[in-house]
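These notes are about the structure you will find just below.
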């Protein structure tokens, strides 16, 4: 039975293919010249170039972090292409989008035009660092919502970008955030004005396309007083042998009574079954609950990447602010994940909730690392954390590193953790009712992840369920 | 009921089974025909449960000899899930808990899998809900039970009712019920036994594996077999069970 399990979790990656689009590519390597090239290429204002250069100079003084529970060879930052873009063409409609690109999305099962229309989802497509099409912008503009690439936002709404960029994740925050601030190429910008509830789920599909082009996304979402937005981010990448560095920064700002829901399904190439290749996903995601009664909720389903290093966090600055983190992290083969969250309670009566589900298969290593900090003036702060691990097979590992720092005696902090294993007896029970191991594993995993999947928007939940199925077996019931 | 012309469902010939290298079942012969109710009795360690699990195909139970024909085909060549789809059912002595998986979803998946294997229509969640509630009445089960995780936190009696509910849903050709009576109080025993009786049809068969005679007060077996040392050492009718109850297993062992 255990060999059956092994076969199930060893299905090859199905989204491995390379799309041939002529690239407008910067030479390898990183220097102030590279940064000036990127900035010039994008026609950026002087202040943004300064922002980049400052970040770069700070980055030069920093050390790569070694505390995560992951192992990988040293990254040669001079061996990375920092800018690569499909040929710029003015796009008036979806018909003008490169058919090759559309076919790529179809292979991924994401026919964006149909998907956008049928599902009512506006898709800001990122294809190798530059947005090539933005849909539904018109409809969103009618209610005053700005949803565009960050490059476009820099051109059209420089005052907004300047006000908020780096306000949640400062350029010198950490090694990879500094790198991103120096060389970010594109990403999404979303601004929901006062009192507006975004009428649809906003969605971005990311895809890394050029071999050894590091991708440095920058996302900024601002919800003004009383605004609401639900943002979806989904990712897959083609199959490559050389490791690809991905160091994104996502910043969320929620003002008084505002709510931001940020959902991610991540399925980047994880390397082959021997641990060769795959994406390094070193991401800084942070939300600032700046206003009173504000709320930020992160939901993530992490199934891809060779290495995941990611801690979507909430800084609960406003009184009564709420931060949430719901996570499913699945690792297989030689994948390594060190992921979790930080909940920093600063305002009074702030509340946070952490639900983390780690699934380890193959010879992978899956760590939850979380920080709950209650600062001195955060009276009556409350946190509930639940970290569950599931092991499939006997060669994988799961770890939990919860850090709790409480500096206010009125705080209530709860932490629960469990570890379970899909056992032979459970699989035999399913088998004795006619259900094969594949479907049994899928059902057990989906049951295990239910608390997190419930937080995902409907169509995303379906996608996430399918993805876990793919990663573990091939099909899902 | 015994009918001379009934077709054989299960033919076990010289079956030998090892668990962790130790031989537990040592040459067992048994024929079960359509419409029959068999009881396999015997002291602890006589190999009853091992025999039941080996028939269902538990991977830890290695068959080291003998043949088993199920409806004429080789049972031992089939994967455990294929045996279930072909109509073999094992009611577990200790049903395993599956946290996070709702009982209703589990039952529907099992039902639809077996239905599909029989070329019959599958039921959507709403249709299945009606269907399963109907079956639950048979076993006097509380409806809240559908929303709970499979067997998680169930009392011994609830677990056993859940097993018989699955038997009712899957409508097996042959049900092997391993110590279904253990852990049941008198009322629950009556309910479960009535359920089993009502599921008996001329075209299916039941093998009750039990340590005690008390279940046979409610279900009348056509044959009673006594196992000892990994073999069936004595076969008789219902009277044999009563005699065992009166005289104990030592009487058979000595024989």
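Descriptive notes on the structure:
- Within the range A:390-421, tally of residues that are surrounded by 22 or more Cβ atoms within 10 Å (Cβ to Cβ) and within 30 Å of residue B:89 (Cα to Cα): 2
- Extreme residue, farthest from residue B:44 (Cα to Cα), among residues of the range B:81-107 that are in a loop (DSSP other than H, G, I, E, B) and within 8 Å of chain A (Cβ to nearest Cβ): B:96
- Where residue B:208 falls short, out of the listed (1) closer than 30 Å to residue B:16 by Cβ; (2) within 14 Å of chain A (Cβ to nearest Cβ); (3) in contact with a strand residue (DSSP E or B) (Cβ under 6 Å, 6 or more places away or on another chain): (2)
- Tally, over the range B:51-80, of residues that are in contact (Cβ under 8 Å) with a residue 24 or more places away in the chain and within 11 Å of chain A (Cβ to nearest Cβ): 8
- Output for the range A:41-57, where each listed residue is in contact (Cβ under 8 Å) with a residue 60 or more places away in the chain and part of a helix (DSSP H, G or I): A:47, A:48, A:51, A:52, A:53, A:54, A:55, A:56
- Residues within the range B:48-76 that are modelled with pLDDT under 95, over 17 Å from residue A:430 (Cβ atoms) and part of a loop (DSSP other than H, G, I, E, B), tallied: 2
- The set of residues in the range A:356-370 being under 30 Å from residue A:346 (Cα atoms) and touching a residue at least 60 places away in the same chain (Cβ under 8 Å) consists of A:357, A:367, A:369.
- Qualifying residue in the range A:179-196 (condition: under 22 Å from residue A:301 (Cβ atoms), surrounded by fewer than 24 Cβ atoms within 10 Å (Cβ to Cβ) and at pLDDT 80 or above): no
The values are calculated or read from the model by the stated rules, or taken from the named source; none is laboratory data. Because the structure is a prediction, the values reported are computed rather than measured. Here the Cβ is made from the backbone with ideal geometry for all residues, glycine too, and neighbour counts use every protein chain on show.
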